[in-house]
Structure formats: C-alpha cells, structure tokens
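*Asks:* Could you have a look at this structure, given as structure tokens, before my questions?
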Amino acid sequence: MADVEKLSGLFVNAVRQSCNAQTAILFSGGLDSSLIATVAKRFCEPLLVTAGIENSSDLEAACAVAAQLGLPHEKVVLGEAEIIKVYNKWHRLARGGQLNKIELMVPVFACCRAAAKAGKWNVLLGSGAEELFVGYERYFDYLKEKKDLKEILEKEFAALPAGDCAATDMVAKSFGMAAKYPFLNAAFSQEVLSLPIKERVGTRENKKPLLRKMAQNLGVPALAVERRKIAMQYGSGVHKILLKAKKAGLLEPEASQD
C-alpha cells in the first residue's frame, strides 16, 4: 500500500525547493496546480495566473479555488486574434510541429507574460503529474491492450525534460523567467515510479486516486480535489479557437508526422 504521508512529505520538499519570493504558478484550479499552490503558500505568497477565453472552465474554476486558497490571482482573458497570433509565433520558433503540441504554448505564453509583468520570475508548473499518477485517457487504452504500462509511464516521464518541458522552458526564458516542475523532483518521482501500477491507477471515471489522497492529506480545497482532469488547451478554450482557425486557413501548416 502506498504511503500517502511519505509521498506528501516528499512533495512538500519538492515544492519548497522550487519556491522563492518571486514565484508564480500556472493555475487552472485543477488537482495538479491546486496541490502545488496549497503547498507553496507554506513557503511564499505565489501569484496564481490563469489564461483562457471569456467564461472558459479554467477561468471559472481557478477563480473559485484561488478565493478558497486566499492567494493573489491574475486572470488573463484571451481573444481569438491573440490566440492565433501567439500560436503562429511559437509554431515558427519551434520550427513546426503538431497542433496538439504547439497549442499548449498559447496559455503558457499568456501566463508567463502576465507573471513577468507582475515581477515574478520563477514559475511553477504541474508537468509530470499525468505520467506519475496515470492521468491520461490513453493509458487506460494501453491497459486494455495488455501493454506494459509501467514501462510506458517510465519512458514518457523520462522524455519530459527534453520534450514538453523544453518547450515550456523556451517560453519562460523568452520573458527572462525560470520554469520549475515540482512533480519532476528526483526523490519524489522515484518514489512514485517505484510503486506498482495497481497502487497508482484509478479508473477512467476516477483518475489519479493516489494523487487525490495526497491532495486531501495536504489540505487542497475539495473543489480542486474533485475536479476532473481537463488539459490546459481545452480548459482554457484555446483548442476550440485554434480548430476553427485551422479550418479557416489562419494557422501555420502542421509538420508532417512521417
């Protein structure tokens, strides 16, 4: 049985090592970012930053959870033209790529820009939580297909620093910021990855149960603990705008997957 107290303690240390007086958190009001925020407030007063289109689910959830946490919260409302402009900019800087990879940079860019304007040069993100705690829908397909999910998770987790995190680092550095990833902390992640899959996996309807137990143990607001996973590009409303723009021919062409 996974030791929730031990995991919680390791995560607290991971966040503590990532915090300073100039800390901002990319905040969706979901489980991962709310856990980081709840722990970070022990060591500093982080600025929570959320980006999305008007009335998006991330903006609404983030406002509610930020109020419960009693932390300063910066809301960045994105318009259609700006979303397209930022997407095309990062598509060129990344020398092409698939929409589902580049689109994530839109809310990240908007949040980092707002944090930099507020004088916050240290930004925390929840990357790694899905790979550690079996959060993506495709993982349940792999289980159904009898694939070695433990090996897949380890490989995907190991690929993060040179993959998704590298793209985020590039955005943060463009504002003179440093991006930190508490879930990637070596001591914490090694402890989680050493656990059998059966102690980490939930169901399609109730993903990441072990992380939810940790969140409850560390005092995360129930609203965030119970919120179902929504990827940032969907919760922010960015994906819907970009699909519409793609059909209208307003986006840089996607790179071939050959």
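*Asks:* In this structure, is Glu74 modelled with pLDDT of 95 or more, part of a loop (DSSP other than H, G, I, E, B) and of a type outside the set (Lys, Arg)?
*Replies:* no
*Asks:* Tally up the residues in the range 97-128 that are closer than 13 Å to Pro46 by Cα, crowded, with 21+ Cβ neighbours inside 10 Å and not charged (D, E, K, R), please.
*Replies:* 4
*Asks:* Just to be sure before I move on: is Glu130 among the acidic types (Asp, Glu) and more than 25 Å from Lys75 (Cα to Cα) in the structure I sent?
*Replies:* no
*Asks:* For the range 202-224: of the residues being out of contact with any Ser or Thr (no Cβ under 6 Å at 6 or more places or on another chain) and crowded, with 19+ Cβ neighbours inside 10 Å, which is farthest from Lys41 (Cα to Cα)?
*Replies:* Ranking the qualifying residues of the range 202-224, first place goes to Lys207.
*Asks:* Identify all residues within the range 131-151 that are in contact (Cβ under 8 Å) with a residue 40 or more places away in the chain and under 22 Å from Gln190 (Cβ atoms); write none if there are none.
*Replies:* Leu132, Phe133, Val134, Gly135, Tyr139, Leu149, Lys150, listed by residue number.
*Asks:* Then there is this: Tell me which residues, restricted to the range 134-169, are more than 27 Å from Pro107 (Cα to Cα) and basic (Lys, Arg).
*Replies:* Lys144, Lys146, Lys147, Lys150
*Asks:* Tell me, please, whether a residue that is buried (at least 19 other Cβ atoms within 10 Å of the Cβ), among the β-branched types (Val, Ile, Thr) and in a helix (DSSP H, G or I) can be found in the range 41-57.
*Replies:* No, the range 41-57 has no match at all.
*Asks:* May I ask you to verify whether Lys146 is over 20 Å from the mean Cα position of the chain (by Cα), basic (Lys, Arg), assigned to a helix (DSSP H, G or I) and surrounded by fewer than 21 Cβ atoms within 10 Å (Cβ to Cβ)?
*Replies:* In short, no.
*Asks:* Which of the residues belonging to the range 194-236 are at pLDDT 95 or above and among the small types (Gly, Ala, Ser)?
*Replies:* Listed by number, the residues that qualify are Ser194, Gly202, Ala215, Gly219, Ala222, Ala224.
The values are calculated or read from the model by the stated rules, or taken from the named source; none is laboratory data. Fair warning: this is a prediction, and the values are worked out from it, not measured in the lab. FYI the Cβ positions are ideal-geometry reconstructions off the backbone, even for glycines, and counts take in every protein chain you see.
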